[in-house]
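Rule-based calculations on the coordinates, nothing more; no lab input. What you see is a predicted model, and the numbers here were worked out from it, not measured in a lab. Counting neighbours? That spans all protein chains shown, and the Cβs are built from the backbone with ideal geometry, glycine included.
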Amino acid sequence: MGTRAGGSSNGGRRRNGGTTTAAQPAAGAAMRAPDRTDTARDAQSGLSRAQRLELYYYMRLTRSLEERLVNLYRQTKVVGGLFRSLGQEADAVGSAYALDRSKGDILSPLIRNLGSMLVQGARPAEILRQYMAKGDSPTRGRELNIHYGDLVRGFIGQISHLGDMVPVMAGVTLSFKMRGQDRVGLVYVGDGATSTGAFHEGLNFAAVQRCPLVVVVENNGYAYSTPVAKQTAAAQFLDKAAGYGIAGERADGNDVLATYQVTKRAVDRARAGGGVTLIELLTYRRKGHAEHDNQSYVPPGEIEHWERENDPLDRYSRALLASGDVDSQELAAIDARAQQEIDAAAADAEAAPMPVGPDALVGVYADPPAAEMLWFRSGVTSAVAVHERPAGWGTHDA
Amino acid sequence: MPEVTYLEAIRQALFEEMERDPSVFCLGEDIGAYGGAFKVTEGLQARFGEGRVIDTPISEAAIVGAAAGAAHMGMRPVCEMQFIDFISCAYDMLTNYVATARYRAMLPCPMVVRGPSGGYVRGGPFHSQNPEAAFLHTPGLKIVYPATASDAKGLLKAAIRDDDCVLFFEHKYLYRRIKETLPATDHVVPIGKARLAREGRDLSIITYAATVWKALEAAEQLEREDGLSIEVLDLRSLLPMDDDAIVATVRKTNRVLIVHEDTRTGGIAGEITARINERAFEWLDAPVLRVTAADVPLPYAPPLEDFVLPQTADIVRAARQLARY
């Protein structure tokens, strides 16, 4: 990895910005007889060929799904903000892939971890419905974007108050420990969330209780417009692990296999009773905080540099091709499969109904089942004639 | 059956629910070996072990947040705030995460947050608070605040068995000052139902927690000295609130005095007044009046604290004025 950036004058410049660790075609690659059976293991990651292709599929699905969401946003069919993970697909997918769904492992994603939810079994049809506020979306139109969860498939939606999911996942994994279950939890936070009280309290609590929890600090350089150097005086987020008396590791978040491997070690440690691990994954947020954000605070050339030199999908497809056991037609077929799935899901989601007003009163409590109908709404099903979408969430709306 | 204090009634409820249901566990500061700042959890760790009676760091947000996570997974955690004043440190977790979980994500949060509340004990600004009004405004939470040992036990059992988050306020002035014989059977008091503490014809006092006892004292004095027949309604549950019981007492006496120990502005008395206005305005013979604490932080010195908090003499004076209206 690159040099430490904390307190340095390069502001938002990413510490590993200049290094390109993407695998180049190895000189001897063509000499080997490639093993194209799906069970062929990669020596470094231990993943089979089929698994490595699956990683590629989830990364591609994440990117293509978000590209479709951008189209829908511009058509005002996404009624709220849109949060991209462009350039961060590898860290979400690789880390989530280290969990064992068959054992009931659970993760809590951050706003830029759509990929982690897809790995856990979320489908484009749900994501599209969420963003479009449909009545049959997972939250029935109550919550935005990827703020939803499913305990059966193993993900718990975050809330907007950053850091809050750390104590919650401490409690989830505390329950695993109390019941003697062989399960692990993983929670994502961004560089900004490490500054919250909830992050500190939750991490400390989990550390003391030796909960089977992995805390991934996804360091993408910016919290909204604030660069890491204004978020912490620590040289690296990894340094915080020592203060909590827990294991810490750091990896290149744009290398999906490296991300997988570092998380797998932490998951194995947690499952073996070794407690909490803090992982810092270095990546870069190529889009703004949300779609409205024009990124005027980013130094010129920085985004383009990351796009050109360190795109996780480019890097991974090059590495797969260089390994000799994958060919470009296979990757193209995966791309097409992801796109077809999204096309079908989008058509389906667009046709799905919006919720009706009085649905809003149901389900605050188990008992009573619904809130009281306001007296002035008696007999009213639609509060206004036209449900207007605001022109934009910010001043720079595209 | 021996008489049991309000504090012992709470301890019994915790003990019995932990015996009954292995998913119930307690977490909080100094609740294990030490038994809690007021000894409410004394003996629990010896009986149930460190795994189910967990001493935590000084981290109210983590206590509440971890309880929520465990509750999602089917546990029924009971959090202790060492003093309820510190619940404000978990305000975000309670109002943003816990209270919204079922509605936005269909995530159950069966959990209790309990702790010693209230003044009259020379506790000063940070060991005397009544923060119920701050949470009354949050859909998704339930709030109970018992005045008797029997209700303390029965409501805590109901709170632990409830499928949503219940804030359980315990009045520390009452901990060891009141006693009663409790029912021998599994005693559960339903959340959302008020209790008629005293029947009367001329005027209703609507109140809860420690001021129930002051209202009862005032009622006796008013009967003795003025020949007034005072009804006292103990709300017990603040969220949900027993509107039917409130309306019933208004229709019976046509005069209402609301008494609470919390400060005045934005306090629960205002909410009760609005409900009476909406549902029983034509049954009133006089304006609804309030006896509450003054709008100041609670001071330490006895002459100051006693001046800020509502006293029996205040209730007597206010009731006389209302009866004359």
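Here are some notes:
- Rel. contact order, % - alpha carbon contacts under 8 angstrom, at least six apart, chain A: 23
- With respect to chain B, whose longest principal axis is taken over its alpha-carbon atoms, helix B:243-253 is tilted by about 20°.
- Placing dummy labels 7 Å off each Cα toward the beta-carbon, the span from residue B:42 to residue B:247 is 4.6 nm.
- Cα convex hull volume per residue for chain A (Å³): 155
- In degrees, nearest ten, helix A:328-351 long axis to first principal axis of chain A (Cα): 10
- Surface/4 of the Cα convex hull for segment B:3-181, nm²: 9.2
- The tail of the calculated P(r) for segment A:326-382 beyond 15 Å holds 69 percent of all Cα-Cα pairs.
- Structural descriptor for segment B:195-324: relative contact order 29 percent, calculated from alpha carbon pairs under 8 angstrom and at least 6 residues apart.
- Mean ellipticity per residue at 222 nm, deg cm²/dmol - from DSSP H runs of n ≥ 4 across chain B, formula -39500 (n - 2.57): -11000 deg cm²/dmol
- Counting only residues at least eight positions apart within a chain, or on another chain, the lysines with an alpha carbon under 26 Å from that of residue A:103 are A:177, A:264.
- Using alpha-carbon coordinates, inclination of helix A:165-178 to the longest axis of chain A, degrees: 80
- In sequence order, calculated HN-Hα J values of segment B:63-80 (Karplus, 6.51, -1.76, 1.60; Hz; x Gly/Pro): 4, 6, x, 5, 4, 4, x, 5, 5, 4, 8, x, 7, 10, x, 10, 8, 9
- 3J(HN,Hα) along segment B:300-316: 7, 4, x, x, 6, 4, 5, 6, 7, 7, x, 10, 4, 4, 5, 5, 4 Hz, from the Karplus curve 6.51 cos²θ - 1.76 cosθ + 1.60 with θ = phi - 60°, whole Hz, x for Gly and Pro.
- Förster-model FRET efficiency, 25 Å R0, residue A:103 and residue A:50, C-beta, rounded to 0.05: 0.80
- Semi-axes of the equivalent ellipsoid of segment B:115-248 are 24, 18, 16 Å, computed as sqrt(5λ) over the eigenvalues of the C-alpha gyration tensor in descending order.
- Relative intensity, log₁₀ I(q)/I(0), of segment B:266-315 from a Debye sum that treats every alpha carbon as a point, q = 0.19, 0.27 Å⁻¹: -0.73, -1.02
- Spin-label model, residue B:265 to residue A:361: label points 7 Å out along the Cα-to-beta-carbon direction sit 3.4 nm apart.
- Two-site FRET efficiency, residue B:306 against residue B:193, from Cβ-Cβ distance with R₀ of 35 Å, rounded to 0.05: 0.60
- Projected over all directions and averaged, the alpha-carbon convex hull of segment A:152-301 occupies 9.5 nm².
- With contacts taken as Cα pairs under 8 Å at a separation of at least 6 residues, chain B carries a relative contact order of 16 percent.
- Counting other Cβ atoms within 10 Å as a rough exposure proxy, the listed residues A:244, B:208 run A:244, B:208 from fewest neighbours to most.
- Long-range tail of P(r) for chain B (Cα pairs > 24 Å, %): 53
- Put simply, the Cα atoms of the protein assembly as shown extend 107, 62, 50 Å along their principal axes, the longest span coming first.
- When the P(r) is computed for segment B:166-238, the part past 17 Å accounts for 54% of the Cα-Cα pairs.
- Extent of segment B:215-308 along its three principal axes (Cα atoms, max minus min coordinate, largest first): 43, 33, 23 Å.
- 5 angstrom amide H check on residue A:135, placed H, neighbours 5+ away: A:354
- When the pairs B:142/B:172; A:287/B:142; B:193/B:214 are compared against a 31 Å limit on Cα-Cα distance, A:287/B:142 fall above it.
- Highest-fluctuation residue, B:30, B:85, B:285 considered, GNM on chain B with Cα pairs under 10 Å: B:285
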